[in-house]
């Protein structure tokens, strides 16, 4: 079987809700990132066999196959096909898995995995809200309700369940949220994100224009006392808005090829995809699956947790990576070394390839070999990707 290699990766800097990226149509935003990964690989876009794009809010400006619309907005040849994927927060990480599987099969040689979410222009949950508002029902079918009586699947409730199950205190989660900002501030000020970010022109409130290249979610004046003072999401809980991922606008992409693709394009690989795993778990607690998924991926790869040099575990809520650390025994110093979604934002379907882009660049900068990425996903799912930097 052929192997899968990543040859380029890029992302936008995150934008806050109603922030600096609010003027960008999501198709145009991801189109700029698609152009960038092709340019970085010095590839002919006509050689792309497919574009697979993660997106959760496939309504409004992100409807009617956002992947194809992104390809057209990028100015690629009309011959380049594209399809959209929804595995909730792991949508573009799953897009990466599909891209790798395609080139490993030998039926395709060059595939772009991508993701986009404008949470400003397509608010979270919009498809379900629109369906309910217009009398088109709910995704909870009679059979699902019979299997899970009196249950409302809810990620916020799941995050609190995680904190309670793993004995995590508010102080622990507040400290983690502060560290996320500290790491993101240090990385941003050191220029560690510069090579991975595609600058987008934005118009400011005063009418002036500039290039957006700094993640807008980073609170450069963050303090632990300030985080501790944020109101709890639920009375008696452990989480606050300061220990939850930020709503975010953003896009990301990676180009994946096999050995033939490397030769045809004349490019050097950045990394080899070493292992891919996806599992399902309890849809009620919902956010726990990264723990068993990581254990399964390591076992299939014949590796131990200490064999991995850097980890990217999505900070949907602080309770997820903190519980993950506790159960896996991973070194906290190797986790989310440039901060995570608490500071940088979580553009839902765009986060999978966003985290992979950051992981790739961090491995290169720190001259490390193996990286592991995972994230919790709606429905009790989790993807894990292990890569080897080359």
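The values are calculated or read from the model by the stated rules, or taken from the named source; none is laboratory data. It should be emphasised that the depicted structure is a prediction, and the values quoted were computed from it without experimental measurement. As a convention, Cβ positions derive from the backbone with ideal geometry for all residues, glycine included, and neighbour counts pool all protein chains shown.
Tabulated values for the structure
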| quantity | calculated |
| --- | --- |
| Residues being under 19 Å from residue 381 (Cβ atoms) and loosely packed, with under 14 Cβ neighbours inside 10 Å - total across segment 145-164 | 5 |
| Qualifying residue in segment 22-31 (condition: assigned to a loop (DSSP other than H, G, I, E, B), in contact with a helix residue (DSSP H, G or I) (Cβ under 7 Å, 6 or more places away or on another chain) and buried (at least 24 other Cβ atoms within 10 Å of the Cβ)) | no |
| Segment 227-262, residues that are buried (at least 22 other Cβ atoms within 10 Å of the Cβ), in a helix (DSSP H, G or I) and touching a helix residue (DSSP H, G or I) at 6+ places or on another chain (Cβ under 6 Å) | 227, 242, 243 |
| Pair list, Cβ under 7 Å, 6 or more apart: segment 157-185 residue in contact (Cβ under 8 Å) with a residue 60 or more places away in the chain, other residue surrounded by fewer than 18 Cβ atoms within 10 Å (Cβ to Cβ) and in a helix (DSSP H, G or I) | 166/326; 174/224; 174/228 |
| Residues satisfying the stated conditions in segment 331-355, i.e. closer than 13 Å to residue 374 by Cα and in contact with a strand residue (DSSP E or B) (Cβ under 7 Å, 6 or more places away or on another chain) | 335, 336, 351, 352, 353, 354, 355 |
| Selected residue (criterion: nearest to the chain's Cα centre (by Cα)) from residues of segment 270-290 that are under 23 Å from residue 302 (Cα atoms) and not in a strand (DSSP E or B) | 290 |
| Matching residues, segment 206-221, being in contact (Cβ under 8 Å) with a residue 40 or more places away in the chain and either in a loop (DSSP other than H, G, I, E, B) or surrounded by fewer than 15 Cβ atoms within 10 Å (Cβ to Cβ) (or both) | 213, 214, 215, 216, 217, 218, 219 |
| Helices (runs of 4 or more DSSP H) contained in segment 310-390 and holding at least 1 residues surrounded by fewer than 23 Cβ atoms within 10 Å (Cβ to Cβ) and without any contact (Cβ under 8 Å) to a residue 24 or more places away in the chain | 319-328 |
| Matching residues in segment 299-309 - criterion: being closer than 25 Å to residue 338 by Cβ, touching a residue at least 12 places away in the same chain (Cβ under 8 Å) and over 20 Å from the mean Cα position of the chain (by Cα) | 301, 303, 305, 306, 307 |
| Boolean, residue 197 is crowded, with 18+ Cβ neighbours inside 10 Å, modelled with pLDDT of 95 or more, under 27 Å from residue 385 (Cβ atoms) and within 23 Å of the chain's Cα centre (by Cα) | yes |
| Verdict on residue 9 being buried (at least 23 other Cβ atoms within 10 Å of the Cβ), in contact (Cβ under 8 Å) with a residue 40 or more places away in the chain and either under 18 Å from the mean Cα position of the chain (by Cα) or assigned to a helix (DSSP H, G or I) (or both) | yes |
| Which listed residue, of 265, 270, is out of contact with any helix residue (DSSP H, G or I) (no Cβ under 6 Å at 6 or more places or on another chain), more than 21 Å from residue 340 (Cβ to Cβ) and either in contact (Cβ under 8 Å) with a residue 40 or more places away in the chain or surrounded by 24 or more Cβ atoms within 10 Å (Cβ to Cβ) (or both) | 265 |
| Single residue of 167, 135 found to be surrounded by fewer than 17 Cβ atoms within 10 Å (Cβ to Cβ), at pLDDT 95 or above and not in a helix (DSSP H, G or I) | 167 |
| Hey, residue 203 modelled with pLDDT under 95 and surrounded by 12 or more Cβ atoms within 10 Å (Cβ to Cβ) or not | yes |
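Per-residue answers, yes or no, for (1) assigned to a helix (DSSP H, G or I); (2) crowded, with 24+ Cβ neighbours inside 10 Å; (3) in contact with a strand residue (DSSP E or B) (Cβ under 8 Å, 6 or more places away or on another chain):
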{"residue": "51", "(1), (2), (3)": "no, yes, yes"}
{"residue": "58", "(1), (2), (3)": "no, no, yes"}
{"residue": "61", "(1), (2), (3)": "yes, no, yes"}
{"residue": "64", "(1), (2), (3)": "no, no, no"}
{"residue": "67", "(1), (2), (3)": "yes, yes, yes"}
{"residue": "71", "(1), (2), (3)": "yes, yes, yes"}
{"residue": "80", "(1), (2), (3)": "no, no, yes"}
{"residue": "83", "(1), (2), (3)": "no, no, yes"}
{"residue": "95", "(1), (2), (3)": "yes, yes, yes"}
